[in-house]
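The values are calculated or read from the model by the stated rules, or taken from the named source; none is laboratory data. Everything numeric in this text was worked out from a predicted model, so none of it was measured. Cβ atoms come from the backbone with ideal geometry, glycine included; neighbour counts cover every protein chain shown. With ligands, DNA and RNA removed, areas are computed over all heavy atoms of the protein, side chains included. Shrake-Rupley method; radii C 1.70, N 1.55, O 1.52, S 1.80 Å.
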Amino acid sequence: MTTAAPSEAPERVLSTLNRDGTRRWLDPRLSKGRFLARRRVVAYVLLVLYNALPWIEINGKPAMLLDVARREFTFFGTTFLSTDTLLLMLFIAGVFVLVFLLTALFGRVWCGWGCPQTVYMEFVFRPLERLCLGASPAARRQNAGTMPLRRALMYLAYFVVAFHLANTFLSYFVGARTVFQWSLGSPLNHPAAFLLVLAVTGLILFDFAYFREQVCIVACPYGRLQSVMLDRSSLIISYDEKRGEPRGKKGSKDRGNKGTGHQGIEGSRGQGSEPGAGDSHLSSRSALHASMPLALMPAPTGDCIDCRLCVTTCPTGIDIRNGLQMECIGCAQCIDACDAVMEKIGRPRGLIRYSSREAMEAGRKHLLRPRVILYPGLLLVIASLFVLVLVNRAPADITLLRASTRPYVTLTDGRVVNEVTVKIVNRTDELRRYDFSIEDMAGGAMETITPVIEVAPGETGQVVLSITSPRGVFQCGMATATIIIRDDAGYEKRMPHRLQGPFGGGTRGGSAVSESDE
C-alpha cells in the first residue's frame, strides 16, 4: 500500500511554513543602517534596565519587587498590597489605553523596538549565532569543518545567557540580594527556587534556540489584534508601490524619472551630468529606440530592482511589497536594506519607509483624528484617578467581619454580646500599635474589651472585639455600632458595624444563652 504524498497549499499560508507544511527555517541577513543603529541603542538601554532594576533601591526598597508570597508589589519605591484592587484596575485600564494609543499612532512599534522577544532575539542570541557560526552563508561554508564545535560553543553561550536571565527573572520576585546569597550555597537549600530557574532557563532556550520567530507569528496575540487597533492613518512600514512598480533589474544610469517609474530617453544620462565618452553610446541607443517599433520597446520600470534584500533581511520572512501583513513587527530592517540599495543605484531613499496607508494612497496625513483625541483624554482621566487614589490611600486597610460561629450571645442580665473580627493591614514602613473603642449610641451605653495590637510594616494583624450592648438598643433584631480604630501616629478611622440581637424583650434566666435570629 503506497502512502500518498502530502498535498501542497496553492500558496504559502505562513511566512515560516513551506507549501508542504514543513517549517521554513529563517536565517535573516543583517542590514546595517540608521534604524538598526537606533534600535540597538534602545535595546541596550532596555537590557541594562532589566538587569539593573532588581539591584536599584528607592526609599530603601527595590525599584521593582513582586513579592507574591507576601502579596506585596513594589514599583519605584512605592509598595502596593493585594487589597489595592482599585489601583490595580486603573493601572490595567491605563496600560490597555496606552497600547491602543501607541498602536493608533505608531503601529507595531513596540514589537520591533521594545518587545523582549525582539530585543533578546535580534541583539543577544542572533549576534551570538553569527559570532560562533559565521556572519554570512559564505563564512559558514568556510567554517563547515569546525561547525560541530562551533555549534556546541553557541549552545553553551545560549545556556549561560539563559541561566543568567532566569536568575534575574527570579530576583524580581525574591530580591536580587537574596538570589545572590542563594547562588553562593547549595541548590538543595532552596530546591523550589532552583527548579524555577531551571524551568525558566529551559523555556528561554526553547524559545530563542528553536521556536524563535514563531512566537511573533503563531503564539503572540498582538499581531492579530493590530487589525482592530490600526487605522488608515497609523504609522506602519509601507512599500511605495507607485514609485517601485513595475519591478525590474536595472542600473543607476537606466533609471527613469523620479517617483514615476517611466524612463525618458534624453534623461537616461541623468540631470546635470557632464557630456563625455558615454554620449555616443546614449545617442546610438536613442536612435535605436527611435527606430524601434513601439511594441518592441522595453517597458518602463519602477525604482524596485527586485533584489529581494527586503525579504532576506526580514526576521519574520515576509515580503513587505505585498502590503501590510500580520507577521510584520515593524523592525525597519527592510527599510535599511532598501535604502542601501537605493543609494547604490543613485535613487532617493524611502522606497520602503515608515508611513501610513492614507499617506501612500492619497498623499495626505491626518494626525488629529477621533481616536487620537479620545485615547489621550481617557489616559489623562485614568492617570488622574490613579494619582488621586494613590495620594489618598489610608495608612491602614481595616476590615470588619462578623463572627462565623454564632451571631450573638444573650447574657443572664439581658445584655447582648456581639463578636467582631478586625483585620488590619499596616501599609506604612513602621511598626504601628492600634487600639479600639466603641461610640455610645442612643438607647444605652456600649462596652468593649479594648485590646491593643502591634502590626509590623506590610503585615496583617487580627483581633476579636466583644461588644456588649443593652437589649433595648435593638430594633427588629438589628443595631448599629461605631467602632473607632486609632494608631499611635494619630491615624483614626470610624467604621459603622451592624450588630445582631433579639427581636423581643425580656430576660432569659440562668447562664449565658446563645440566641439566633428569629
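Descriptive notes on the structure:
- Per this entry, Leu188 is not counted among residues that are open to solvent by 20 Å² or more (accessible area, probe 1.4 Å), over 25 Å from Thr316 (Cα atoms) and touching a residue at least 12 places away in the same chain (Cβ under 8 Å).
- When residues in region 43-65 are screened for being among the aliphatic types (A, V, I, L, M) and touching a Pro at 6+ places or on another chain (Cβ under 9 Å), 6 of them pass.
- Within region 470-518, being at pLDDT 85 or above, open to solvent by less than 40 Å² (accessible area, probe 1.4 Å), more than 12 Å from Val409 (Cα to Cα) and not in a loop (DSSP other than H, G, I, E, B) holds for Ala479, Ala481, Thr482, Ile483, Ile484, Ile485, Asp487, Met495, His497.
- The conditions of being of a type in the set (Phe, Trp, Tyr) and within 17 Å of the chain's Cα centre (by Cα) are met by Phe75.
- Selected residue (criterion: farthest from Thr168 (Cα to Cα)) from residues of region 58-71 that are open to solvent by 70 Å² or more (accessible area, probe 1.4 Å) and touching a residue at least 12 places away in the same chain (Cβ under 8 Å): Asn59
- Consider region 102-129 and keep the residues that are modelled with pLDDT of 90 or more, over 17 Å from Leu205 (Cα atoms) and open to solvent by less than 40 Å² (accessible area, probe 1.4 Å). The one that is farthest from the chain's Cα centre (by Cα) is Gly112.
One line per residue, one yes/no per condition, for (1) more than 25 Å from Ile58 (Cα to Cα); (2) at pLDDT below 95:
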{"site": "Arg151", "(1), (2)": "yes, no"}
{"site": "Tyr158", "(1), (2)": "yes, no"}
{"site": "Phe163", "(1), (2)": "yes, no"}
{"site": "Arg177", "(1), (2)": "no, yes"}
{"site": "Leu188", "(1), (2)": "yes, yes"}
{"site": "Ala192", "(1), (2)": "yes, yes"}
{"site": "Gly202", "(1), (2)": "yes, no"}
{"site": "Leu205", "(1), (2)": "yes, no"}
{"site": "Glu213", "(1), (2)": "yes, yes"}
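- The strands (runs of 3 or more DSSP E) found wholly in region 39-93 and carrying at least 2 residues that are closer than 30 Å to Gly112 by Cβ and at pLDDT below 90 occupy 72-75.
- Residue in region 369-412 that is surrounded by the most Cβ atoms within 10 Å (Cβ to Cβ), counting only those that are closer than 25 Å to Ile438 by Cα and touching a helix residue (DSSP H, G or I) at 6+ places or on another chain (Cβ under 9 Å): Thr410
- Just one of the listed residues (Ile329, Ile352, Ile335) is in contact with a Pro (Cβ under 8 Å, 6 or more places away or on another chain) and touching a residue at least 12 places away in the same chain (Cβ under 8 Å), and it is Ile329.
- Screening the candidates Leu81, Leu86 for the property of being open to solvent by less than 70 Å² (accessible area, probe 1.4 Å) and either in contact with a His (Cβ under 8 Å, 6 or more places away or on another chain) or not small (Gly, Ala, Ser) (or both) yields one hit, Leu81.
- In the set Phe169, Phe211, Phe206, only one residue is open to solvent by less than 60 Å² (accessible area, probe 1.4 Å), under 30 Å from Cys328 (Cβ atoms) and not acidic (Asp, Glu); that residue is Phe211.
- Among the residues of region 320-342, just one is open to solvent by 20 Å² or more (accessible area, probe 1.4 Å) and modelled with pLDDT of 95 or more, namely Ala340.
- Considering residues of region 37-57 that are in contact (Cβ under 8 Å) with a residue 40 or more places away in the chain and farther than 14 Å from Ser171 by Cβ only, the residue surrounded by the most Cβ atoms within 10 Å (Cβ to Cβ): Arg39
- Test result for Leu368, hydrophobic (A, V, I, L, M, F, W, C), in a loop (DSSP other than H, G, I, E, B), at pLDDT below 95 and more than 30 Å from Gln214 (Cα to Cα): yes
- Set Leu225, Leu235: member being in contact with a strand residue (DSSP E or B) (Cβ under 6 Å, 6 or more places away or on another chain), modelled with pLDDT under 95 and open to solvent by 30 Å² or more (accessible area, probe 1.4 Å): Leu235
- Highlighted here are the helices (runs of 4 or more DSSP H) found entirely within region 160-246 that include at least 1 residues which are over 30 Å from Glu358 (Cβ atoms) and more than 22 Å from the chain's Cα centre (by Cα): 176-184, 191-206.
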